[in-house]
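No lab work stands behind these numbers, since they all come straight from the coordinates. Because the structure is predicted, anything quoted here is derived from the model rather than measured. Here Cβ is always computed from backbone atoms with ideal geometry, including for glycine, and neighbour counts include all displayed protein chains.
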Ligand SMILES: NC(=O)c1ccc[n+]([C@@H]2O[C@H](COP(=O)([O-])OP(=O)(O)OC[C@H]3O[C@@H](n4cnc5c(N)ncnc54)[C@H](O)[C@@H]3O)[C@@H](O)[C@H]2O)c1
């Protein structure tokens, strides 16, 4: 931290998602944005407008140059997926704490390397899976982990988004930049919450995928068996008209939890289904604030790099199954 005592944050990637992060960081009294990196000048201008950022904050097209010149305390990375690996490694090497957007990286090999690098440098590495701060999913995790409704038996989750249409001509349909399709993009949130809520290890995965007329997966139908014997179906529908929607249902021995559009319903034997009220839900939060609190030693890392590793392990297993037509054992 510099003389101001504020956490000095550099942004690597200033596109659509980064602007949301930027507004959050700009609103925190104990942080300041000290550098912007993007290869697109228009993205930098839009970021400045969105965050009312001073013209004095320097901009760069190369993250390494920014790390060398500005020496921020922390960086937030919101760039095309295959760029994350190098940007995380360089930022950790430069002594920065890192909040990277999902997916953490696009291969298991890279995930293991960034985990080793974070350990070696002693810097925090957090992943941008915001569902860890959303009350409905936090509630599911608490109920499952407390064993309040018994053992989890079956999970069914789906997500749909107008992704195929929206991404035409953009980097997400180019595997060299996206590292994969919708399963690796918004779909990675579904895999993440599944793994985070259950805290169980997938043992077997089978998947069918359709790439439509693109080079990346658009539609995925995936089944998983966990080491606890829980079974799961995941549907990722990347070609859906209308709004992005998400549904997550978990059947436990003594009851069922249904999450839909951010609301959560609960049903038990002899108790009619009811919506869990806000008062019964844990308090939510914000990932940028959580990142700052982590750096300040006020909070634990609620989305650490192991979450990123588990997601890419499962994603790779699904890709392998879809490609080979076989059930894949996950080590
Ligand atoms: N957590 C969420 O819900 C959520 C939502 C949207 C996006 N994201 C994630 O945020 C990241 C960015 O997605 P987006 O929607 O903002 O995309 P975007 O295309 O709007 O922004 C990406 C930015 O990265 C810039 N860029 C490209 N190469 C670069 C480089 N070498 N160095 C620096 N900048 C570079 C681009 O010019 C662009 O401005 C992705 O990882 C995505 O998955 C997360």
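Given a Förster radius of 35 Å and the C-beta distance between residue 247 and residue 298 as r, what FRET efficiency does 1/(1 + (r/R0)^6) yield to the nearest 0.05?
With a Förster radius of 35 Å, E is 0.55.
If you take all C-alpha pairs in the range 207-331, what percent of them are over 17 Å apart?
Of the Cα pairs, 73 percent sit more than 17 Å apart.
Give me the tail of P(r) for the chain as a percent: Cα-Cα pairs with distance above 38 Å.
Counting every Cα pair in the chain, those more than 38 Å apart make up 16 percent.
State, to one decimal in nm², a quarter of the convex hull surface area for the C-alpha atoms of the range 7-128, i.e. the direction-averaged projected area. Walk me through the numbers before you get to the answer.
On the way: hull surface 26.3 nm².
Over every viewing direction, the Cα hull of the range 7-128 projects on average to 6.6 nm².
Would you mind ranking 277, 201, 188, 91 so that the residue whose beta carbon has the fewest other beta carbons within 10 Å leads the list?
Going from sparsest to densest Cβ surroundings: 277, 201, 188, 91.
Extension gain residue 148-residue 41, at 0.36 nm per residue separation less the Cα-Cα distance, in nm?
Gain on stretching residue 148 to residue 41: 33.3 nm.
Which of 75, 271, 205 moves most in a GNM of the chain, Cα contacts under 10 Å?
Judging by the Gaussian network model, the answer is 271.
Going by alpha carbons, how many degrees (0 to 90, nearest 10) lie between the helix axis of 16-26 and the longest principal axis of the chain?
It works out to around 70 degrees.
Could you check which residue among 291, 11, 154 shows the biggest mean-square fluctuation in a GNM of the chain with a 10 Å Cα cutoff?
Among 291, 11, 154, the largest mean-square fluctuation in the Gaussian network model of the chain belongs to 154.
If I stretch the segment between residue 239 and residue 30 completely, what's the gain in nm (0.36 nm per residue apart, minus their alpha carbon distance), one decimal?
On the way: separation 209, 0.36 × 209 = 75.24 nm, distance 4.13 nm.
Contour length minus the Cα-Cα distance gives 71.1 nm.
Just rank 321, 223, fewest to most, by other beta-carbon atoms within 10 angstrom.
So the ranking, lowest neighbour count to highest, is 223, 321.
Rounded to the nearest 10 degrees, what's the angle between the helix 41-51 long axis and the longest principal axis of the chain, both from Cα atoms, 0 to 90?
With both axes taken from Cα atoms, the answer is about 80 degrees.
Round to the nearest 0.05 the FRET efficiency obtained for residue 62 and residue 176 when R0 = 22 Å and r is the Cβ-Cβ distance. Walk me through the intermediate numbers first.
Working: r = 19 Å, r/R0 = 0.86.
After rounding, the FRET efficiency stands at 0.70.
Place a point 7 Å from the Cα of residue 165 along the Cα-to-Cβ direction; which residues of the range 237-264 have their backbone N under 18 Å from it?
Answer for this model: 237-246.
Between the helical axis of 135-146 and the dominant principal axis of the chain, each derived from Cα atoms, what acute angle in degrees is found, rounded to the nearest 10?
It works out to around 60 degrees.
May I ask you to sort 99, 294 by Cβ crowding, counting other Cβ atoms within 10 Å and putting the fewest first? Please report the intermediate quantities before stating the final value.
Values: 99 27, 294 21.
Fewest-to-most ranking of 99, 294: 294, 99.
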